[in-house]
Structures are given as C-alpha cells and as structure tokens.
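Heads up: the structure comes next, in structure tokens.
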Amino acid sequence: CPTAADLRPTNGTRLCAQLYTDDSPYYDQCCSGRVLEVLPNSDVPYMPFSWSGRTSSLVVGTRCELTVWSRRAKKGNSRRFNA
C-alpha cells in the first residue's frame, strides 16, 4: 500500500484517500484491484454504483479524515479513518 504521505495521482495533485476493491492477508498483495481516489474537501453522499459494498482496503492521507456510513445518503452507522 502507498504510505499516507505518498497519495498523489499521476497529475501530482494531493489526494485525501484511496479505496481499493481487493485485499489480502499478505501485505505485498494488499491495496490492489480497482482504485477510487478521494479528493480533498469531497462530500459524496453516494458511492459510485459499482463500488457499493466492494471496498476492502483503504489508505487515508496525512491531514485528512475519511468518514464512511453504513447506509446511503449519510445514514446509518458512521466510522472515521485518518492517517
């Protein structure tokens, strides 16, 4: 997985988080599969359709916090992640 400080897409802008579809108990195989990039100050009440229930690993950048909810439209239980 990338480190929290290394979250930058190919164009070099800062990212707050990356979510991945595949995970593994072996560290060198974690953070694989499809990637969803989360930009700073994003407020997304709905996950893209193909991502619902698919995130299995994530990395949150420094000075960022990612809050996720168990139900759509920011309802249900929430959990916060940071670097």
How about segment 57-71: which of its residues are outside any strand (DSSP E or B) and over 14 Å from D43 (Cβ atoms)?
G61, T62, R63
What number of residues within segment 58-73 satisfy the criterion of being on the phi < 0 side of the Ramachandran plot and loosely packed, with under 12 Cβ neighbours inside 10 Å?
4
Please specify each residue of segment 16-72 satisfying the condition of being touching a residue at least 24 places away in the same chain (Cβ under 8 Å), out of contact with any Ser or Thr (no Cβ under 9 Å at 6 or more places or on another chain) and farther than 19 Å from A4 by Cα.
P45
Could you pull out the residue among G76, G53, G33 that is surrounded by fewer than 16 Cβ atoms within 10 Å (Cβ to Cβ), assigned to a loop (DSSP other than H, G, I, E, B) and of a type in the set (G, A, S)?
G53
Top-ranked residue of segment 4-15 - restricted to ones that are closer than 18 Å to C64 by Cα and free of Cβ contacts under 8 Å to residues at least 12 places away in the same chain, ranked as least open to solvent (accessible area, probe 1.4 Å)
G12
Kindly establish whether D22 is exposed (fewer than 13 other Cβ atoms within 10 Å of the Cβ), farther than 21 Å from S78 by Cα and of a type in the set (D, E, K, R).
no
Could you list all residues from segment 36-50 that are open to solvent by 60 Å² or more (accessible area, probe 1.4 Å) and aliphatic (A, V, I, L, M)?
L39, V44, M47
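The values are calculated or read from the model by the stated rules, or taken from the named source; none is laboratory data. This is a predicted model, so every value here is computed, not measured. Glycine also receives a Cβ, built like all others from the backbone with ideal geometry; neighbour counts cover every protein chain displayed. Areas reflect the complete protein model, heavy atoms only, side chains present, ligands, DNA and RNA absent. Shrake-Rupley method; radii C 1.70, N 1.55, O 1.52, S 1.80 Å.
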